[in-house]
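A quick write-up on the structure given underneath.
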Amino acid sequence: MNKPIITLRDPQPGDMGWVVQQHGEIYWREYGWDSRFEALVAGIVSDYVTHHQRDFEKCWIAEVDGVRAGSAFVVRKSKSTAQLRMLILTPQARGLGLGGKLCDECIAFARAAGYKKMTLWTNACLLAARAIYVKRGFKLVKAEPYQGFGHDLVGETWELKL
């Protein structure tokens, strides 16, 4: 079996809609989250496209053998803080180290852009993503129960000093 060809590239037309679609479909199928989650992602994507600051924000689209397989975003939270957002992988792309590779790119970009800290918000039930963050030195700084997307969840804020 040939080793898959993994590519990280800049977004192209159609990619942002794909990011929203993948979040909606995957989180519905795997966690039962309702369409309010897809709406949240659509808003984040819209803000990114509308207010993109090229020197301080970036998006990567991951491909496996030429097929879209994931994404990750760095957005500007403040002058000194970057935020990692919308890290996602299709089920077919899991287990290839791609989530870590995307996360590493985000961290490297944030450092190069001069940020002092990177933050992210996730949910306690997203164990694979949390493992990626822990491996890269992110620390859990806040956890709060909330009701969202049709479920009782625990939202988490993680930080990494750059």
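So for the range 59-79 (the condition being at positive phi, among the aliphatic types (A, V, I, L, M) and modelled with pLDDT of 95 or more), does at least one residue qualify?
no
Output the number of the condition that Leu84 fails; it satisfies all remaining conditions of (1) open to solvent by 20 Å² or more (accessible area, probe 1.4 Å); (2) not in a helix (DSSP H, G or I).
For Leu84, the exception is condition (1).
For a quick check of your reading of the model, give me the residue pairs whose first member lies in the range 3-31 and is of a type in the set (Gly, Ala, Ser), whose second is open to solvent by less than 50 Å² (accessible area, probe 1.4 Å), with beta-carbon atoms closer than 8 Å and at least 6 apart or on different chains.
Note: pairs meeting the criteria are Gly24/Phe37; Gly24/Val41.
Applying the selection to the range 32-52, what residues are farther than 24 Å from Asn123 by Cβ and in contact (Cβ under 8 Å) with a residue 12 or more places away in the chain? Working first, answer last.
Quick first cut of the range 32-52, residues farther than 24 Å from Asn123 by Cβ only: 49-52.
Correct list: Val49 only.
Considering each of Lys135, Lys101, Lys161, Lys142 in turn, give the residue that is modelled with pLDDT of 95 or more, among the charged types (D, E, K, R) and within 23 Å of Val20 (Cβ to Cβ). It would help to see each step written out before you state the result.
Numbers: Lys135 fails: within 23 Å of Val20 (Cβ to Cβ); Lys161 fails: within 23 Å of Val20 (Cβ to Cβ); Lys142 fails: within 23 Å of Val20 (Cβ to Cβ).
None of the others qualify; the one that does is Lys101.
So Leu126 fits all but one of (1) touching a strand residue (DSSP E or B) at 6+ places or on another chain (Cβ under 8 Å); (2) without any contact (Cβ under 8 Å) to a residue 24 or more places away in the chain; (3) closer than 19 Å to Glu38 by Cα; (4) open to solvent by less than 60 Å² (accessible area, probe 1.4 Å); what number is the exception?
(1)
Looking only at the range 45-81, count every residue that is buried (at least 19 other Cβ atoms within 10 Å of the Cβ) and part of a helix (DSSP H, G or I) and tell me the total.
Within the range 45-81, residues that are buried (at least 19 other Cβ atoms within 10 Å of the Cβ) and part of a helix (DSSP H, G or I) number 2.
Residues being open to solvent by 30 Å² or more (accessible area, probe 1.4 Å) and within 14 Å of Gly43 (Cα to Cα): count how many of those fall in the range 1-29.
Number of matching residues: 3.
Residue check: is Trp33 at pLDDT 95 or above, assigned to a loop (DSSP other than H, G, I, E, B) and buried (at least 16 other Cβ atoms within 10 Å of the Cβ)? Before the answer, list the steps.
Values: at pLDDT 95 or above: yes; assigned to a loop (DSSP other than H, G, I, E, B): yes; buried (at least 16 other Cβ atoms within 10 Å of the Cβ): yes.
Spelling it out, Trp33 is indeed at pLDDT 95 or above, assigned to a loop (DSSP other than H, G, I, E, B) and buried (at least 16 other Cβ atoms within 10 Å of the Cβ).
Working only within the range 144-160, note down all residues that are open to solvent by 40 Å² or more (accessible area, probe 1.4 Å) and farther than 12 Å from Leu120 by Cα.
Within the range 144-160, Glu144, Pro145, Tyr146, Gln147, Gly150, His151, Asp152, Val154 meet the criteria.
If I ask for residues that are open to solvent by less than 50 Å² (accessible area, probe 1.4 Å) and either over 19 Å from Tyr27 (Cα atoms) or out of contact with any helix residue (DSSP H, G or I) (no Cβ under 6 Å at 6 or more places or on another chain) (or both), which ones from the range 129-143 would you list? Quick ask: steps written out before the conclusion?
Step one: of the range 129-143, the residues open to solvent by less than 50 Å² (accessible area, probe 1.4 Å) are 129, 132-133, 137-138.
Answer for the range 129-143, where residues must be open to solvent by less than 50 Å² (accessible area, probe 1.4 Å) and either over 19 Å from Tyr27 (Cα atoms) or out of contact with any helix residue (DSSP H, G or I) (no Cβ under 6 Å at 6 or more places or on another chain) (or both): Ala129, Tyr133, Gly137, Phe138.
For residues that are over 15 Å from the mean Cα position of the chain (by Cα) and exposed (fewer than 13 other Cβ atoms within 10 Å of the Cβ), scanning just the range 93-122, find the one that is farthest from Ile44 (Cα to Cα).
In this case the residue turns out to be Gly95.
List the number of the failed condition for Lys58; all other conditions in (1) closer than 27 Å to Pro4 by Cα; (2) among the basic types (Lys, Arg); (3) without any contact (Cβ under 8 Å) to a residue 40 or more places away in the chain hold.
The failed condition is (3).
The values are calculated or read from the model by the stated rules, or taken from the named source; none is laboratory data. In this text, all values refer to a predicted model and were calculated from it rather than measured experimentally. Here Cβ is always computed from backbone atoms with ideal geometry, including for glycine, and neighbour counts include all displayed protein chains. When the accessible area is computed, the model is the full protein with side chains, heavy atoms only, and any ligands, DNA or RNA have been set aside. Shrake-Rupley method; radii C 1.70, N 1.55, O 1.52, S 1.80 Å.
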